[in-house]
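> Before I ask anything, let me first share the structure, which is written out below as structure tokens.
The values are calculated or read from the model by the stated rules, or taken from the named source; none is laboratory data. Since the model is a prediction, treat every value here as computed from it, not as a measurement. Reconstructed Cβ throughout: ideal geometry from the backbone, glycine too, with neighbour counts over all protein chains shown. Heads up: the accessible areas ignore ligands, DNA and RNA and are worked out on the full protein's heavy atoms, side chains in. Shrake-Rupley method; radii C 1.70, N 1.55, O 1.52, S 1.80 Å.
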Amino acid sequence: MEGAAQVIVSNVGQLVGEEFRQLRGVGGEVARLRDELATMNALLRMQSEAEEGAVDHFVREWMKQLREVAYDAQDCVDLYLFRVRTRTGECLIFWCKRHLETLLLRHRLADDIRSLRAHAAAINEQHARYGVNLEPLRRPPSLRVRASAHVLRPAAADDDPNKFVGITEQASCLADKVKAAIRTSGDLKVFSVVGFGGLGKTTLVMEVCRQLQDADFQRQAQVSVSQVLDLKALLRSVLQQILEVKAQDRADPGIDRMDVEQLRQNIDTILKTKRYLIVIDDVWTEAAWNSIISMLPVNHCGSTIIVTTRIDTVAKACSYANDDYIHHIMPLDDKNSKKLFLSRAFGSMNATCPKDLEYSMEKVLKKCGGLPLAIVSIASLFASYRSPESKHMWDTVLKSLGSQIDNHPTLEGMRQIITLSYDHLPHHLKSCMMYLSIFPEDYLIVKDRLLRRWISEGLVAEKRGLTQMEVAQGYFNELVSRSMIDRAADRVTWFDGREETCRVHDMMLEVMVSKSLEANFVSLIGGPYKWMSYDRIRRLSIHGGLEASKESSCKKMATGHGRRNDIKGMNVQHVRSLSIFELHGHMLLNQLGEFTLLRVLDLEDCKGLGKKHMGFICRMHLLRFLNLKGTDISGLPSRIGQLEHLQTLDVRSTCLKYLPKTVTQLEKLENLLYSNKHSFWDFHWEAPKGLRKMKALRKLNNLTVRSKNIDVIEEIGELEQLQELDISFIPGIPQAGQDKLDNSLSRLYSLRCLNLQVVTNTEHDRNFLQNLKSTPPRLLRYLRLCGTLQGHTGVLEVPTLTNWVGKLTNLVEFVIAWAYLRGDTLFDVLSKLPSLKTLTLESNFYTDTEIVARDTHKFPVLKELRMTDNLGVPEVYRFEKGSMQNLETILLRFGHYKQSIAGIQHLTNLKEVQFTGKKDNEALAYALTELEEENVWRQDIGSNQFAVKVRYE
């Protein structure tokens, strides 16, 4: 929430520093405004870190006003930079002319700044005028004493049979692991159960304790920690339970008078020779865990501690990063979700849902996403509507679920549990989390797209020694670790390679939307938000349903009454971020010329974008992030080079056949992404001269080098910040060009990802990749080598693999295509790479009918083997005993061809096999039968089985 002011303080400082000479007498006013904004930033941060219940209505309104004036101040500064700024390289005559032309604007700016400063000062002083105490905004220390430890009790098996729907199987699995660990060693074991709030971690652990009743634990205790640790209260509860003090005698004055050290000594005396089981529920920090474990005895009697937490890093700290001791609790599957819903809504899991309510039930279950707390809460609310009007009430609740979560008493508990994770976030992550409310429900978010947007919005701090992308990556990892964001499956495509994706649970999204709307952080229009109205829009996200031709008469009547969120006539002069997630954006696209303060414009997959709209975009001089991916644009104006602040330009999967040479003027550009949606083979753009000016570039894709622009290869070597490069070479590159490539690649010290493709049809070009003799970038983590051929001449042989690829000790993922290799060369080289985790074998990488992973091909850390689009060659993938010992996942696409896997029984660590192909493919059907037989055999001998997944095309 304080992010806006934080960015503004920085921008005003820039204004004072860079434009002071133009402002002259205004400089003092700007400096005073900066001081006011710094105070606002501090107050907004205090509110962000304050406890949820400590902030009253007045303080909330006060903070809202602070945020709005902070936004207004940034608009004022940005308008000045937009209209009055000095252009780099302007001669004296043009500078003087611009100085005179903007004299009135600069005087107006001075008046605006004085007005804003007065407004900011008045708001800052409101608490004094109204006698408001700032004490509630002061957050308690992370380990402040609070009497929060309380006793947990295992439920009896018949206590509530519905309570354990979908939990019993997971509990049995964890209980079996605990028993096996006790049999194996007498050392103290720490098991962790980790997952999102509301998944049933506590219920699961209590069921585990019930199933461990025959494990002969001589002493047991169950305590809850919560967000702040009261170590004394926790130890007191543990001591009372292991002494088996009855509930009515818990107020033992002797125990109550003990300090922490006395409690520790008494616990140690009792437990040091006993097998004990202690459940520590809801641990939030590693510091809290370290404090707790230091108070408990470490004996060799087979004792066990079970911890529950929402945070993955805490689980790893508790269980010493032993994956076997960490249980990631799974959401309920569709079957158990329905059972639990029926049990709460209709009294029995065997009940039948009325036909007219089935659709509503399915929508609820989809939104709950297997979260037991959400299912129980919403089903309990629905249970109160059993009148003849129940369908209407169910539909009403569904349409207004966000506001129902905020206000309905039945859903209050669920909201508190979910909100608890958000409240515990550090202040800098709260804005990043709220930002996710921009995306529609169930939207698959590409991680890099999200991180670049965070950076462009000013939500990512600058840290010494780190790039902003690295800082943003840290933010993302922290949110994933805290179960606030769910990782989704990686997306792998021909054009874009591998992309990491994520999602936000629907219930978490509802809470984030509520908080964003309350703070005026995001304005949502269309879809479920079509009736929302806003006083002033800062970040605008369109979720569909806004075409004029589709509007009903009642909607048009609403337009006539001036609803502020209707597209036509909308005031967009304060909008800094525009995202359109509906396919057709004609109405709003025609207003693009009014969006003068945009920093982020995200029109991915939007239809109706034309030449006129591109003209509007080229006038958005504050733009930092421009995403036109999937649109139908066929040309970029040369004026695109005037977007001097642009950091990301994404024009992948468009109709563009080339990029204008003026892109080299975008000296702040960090990510330049291009591909043509209509051309499978020719989707590259020709590298222009002047590329060396783009010193900020970190990601550059689909670049083509031909003999006529061979000098560009040297310029690429000067891009010292470059981390990802996708480059193709067209036939006829002379030896001098190959030497330049070799030299340039050796100078790209920051390079992490390289996609190197050679289009060849001559014997001369056949040796292109083999001439790479220099040491490759030592930090390279991803490498794709591909030779596009006219004929069957390979572009990779032994020298390339051994002399160049074999040196890539940090390589994590390797992809190879159109290499036409033979024999054992490929696996001989790759099996020795110490960091290789993913290997992808694409079309025509091999020519023999069988490729063999031999017992010498250990592949020390290889986890995933992908075999895609191989056109039936090789026919057999064979694994000898002892090969690929750590392989966990195999993916094979059959297409129309006969292919098979032999020796799968030797892959003892295999966890998953994924097949893709036609339903009528006999080879696919036969392979599935073999896998089923292998799993039956593994079950008989007590070995690890693997999951089998099939996707039919």
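> Where the convex hull is taken over the Cα atoms of the stretch 596-643, what is its projected area averaged over directions, in nm²?
Taking a quarter of the hull surface, the average projection is 3.0 nm².
> P(r) for the stretch 478-523: what percent of alpha-carbon pairs falls in each 5 Å bin, starting at zero?
P(r) over the stretch 478-523, rounded to whole percents: 5, 19, 18, 18, 16, 12, 9, 3, 0.
> Also: Per residue, how much accessible area does the stretch 902-949 have with a 1.4 Å probe, in Å²?
That works out to 59 Å² per residue.
> If R₀ is 35 angstrom, what is the calculated FRET efficiency for the pair S533 and H645, using the beta carbon separation as r and rounding to 0.05?
Efficiency, from the Cβ-Cβ distance: 0.65.
> Per the Kirkwood formula on distinct C-alpha pairs, the Rh of the stretch 343-445 is how many angstrom?
15.2
> Here's another thing I want to ask about it. Quick one: work out Rg over Rh on the C-alpha atoms of the stretch 823-953, Rh as Kirkwood radius.
With Rg and the Kirkwood Rh in hand, the quotient comes to 0.94.
> Something else about it: At 1.4 Å probe size, with no ligands or nucleic acids counted, give the accessible surface of K918 in Å², nearest ten.
Spelled out: K918, probe radius 1.4 Å, area about 70 Å².
> Hey, another quick one. Just in the stretch 174-249: which trypsin sites (Lys or Arg not before Pro) are loop by DSSP and have at most 10 other Cβ atoms within 10 Å?
Of the trypsin sites (Lys or Arg not before Pro), the ones in loops of the stretch 174-249 whose Cβ has at most 10 other Cβ atoms within 10 Å are K246.
> Could I ask something else about it? Roughly how many nanometres apart are two label points built 7 Å out from the Cα toward the Cβ at S294 and N810?
Here the answer is 3.6 nm between the modelled labels.
> Here is a follow-up. Largest first and in whole Å, give the semi-axes of the stretch 448-496's equivalent ellipsoid, each being the square root of 5 times a Cα gyration tensor eigenvalue.
Gyration-tensor ellipsoid for the stretch 448-496: 21, 15, 10 Å.
> If the viscosity is 1.002 mPa s and the temperature 20 °C, what Stokes-Einstein diffusion coefficient in µm²/s follows for the stretch 175-272 when Rh is the Kirkwood radius over Cα pairs?
It comes out at roughly 138 µm²/s.
> Related question: The stretch 585-664: Rg/Rh from Cα coordinates, Kirkwood Rh?
Radius of gyration relative to Kirkwood radius: 0.91.
> Quickly work out the T802-to-V876 label distance, labels modelled 7 Å from Cα along the C-beta direction, and quote it in nm with one decimal.
2.7
> Considering the alpha-carbon set of the stretch 805-864 alone, what are its Rg and its Dmax in angstrom?
Looking at the stretch 805-864, its Cα Rg and Dmax stand at 11.1, 31 Å.
> What is the calculated FRET efficiency for E720 to A461, with r their C-beta to C-beta distance and R₀ = 25 Å, to the nearest 0.05?
Approximately 0.60, to the nearest 0.05.
> Are there chymotrypsin sites (Phe, Trp or Tyr not before Pro) in the stretch 589-639 that DSSP marks as loop and that have at most 13 other Cβ atoms within 10 Å, and which are they?
Filter output for the stretch 589-639: empty list.
> With a ≥ b ≥ c taken as the square roots of the eigenvalues of the C-alpha gyration tensor of the stretch 298-389, please select rounded if a/c is under 1.5 and otherwise prolate if a/b is larger than b/c or oblate if it is not?
prolate
> Express in Å², to the nearest 10, the accessible area of L745 obtained by rolling a 1.4 Å probe over the protein heavy atoms while all chains stay in place.
Estimated to the nearest 10 Å², L745 gives 10 Å².
> Related question: In the stretch 310-356, which chymotrypsin sites (Phe, Trp or Tyr not before Pro) are in a loop and have at most 16 other Cβ atoms within 10 Å, using DSSP for the loop call?
Y320
> Can you bin every Cα-Cα distance in the stretch 371-517 into 5 Å intervals starting at zero and give me the percent of pairs per bin, rounded to whole numbers?
Histogramming the stretch 371-517 at 5 Å steps yields 2, 9, 17, 19, 17, 13, 10, 7, 5, 3, 1, 0, 0, 0 percent.
> Ok, one more. Fully extended, how many nm does the chain gain between T202 and M393 (0.36 nm per residue separation, minus their Cα-Cα distance)?
65.5 nm
> With r as the distance between the Cβ atoms of A215 and I941 and R0 = 30 Å, compute the FRET efficiency 1/(1 + (r/R0)^6) and round to 0.05.
0.70
> Report, in listed order, any pair from K657/K689; K335/K837; K355/K911; K177/K363 with a Cα-Cα distance greater than 29 Å.
Over 29 Å apart, Cα to Cα: K335/K837; K355/K911; K177/K363.
> Moving on to the next point. In the full protein assembly as shown, how much of E875 is accessible to a 1.4 Å probe, in Å² to the nearest 10?
100
> Here is a further query. Can you pull a Stokes-Einstein diffusion coefficient for the stretch 235-373 at 25 °C (0.890 mPa s), Rh from Kirkwood over Cα pairs, as a whole number of µm²/s?
131
> Specify the inter-centroid distance of the stretch 280-299 and the stretch 811-839, based on alpha-carbon positions, in whole Å.
After rounding, the separation between the Cα centres reads 44 Å.
> Here's something else I'd like to know. Need one number: nm distance between label points at M349 and K179, each 7 Å from Cα along Cα→Cβ, rounded to one decimal.
That separation, rounded to one decimal, is 2.1 nm.
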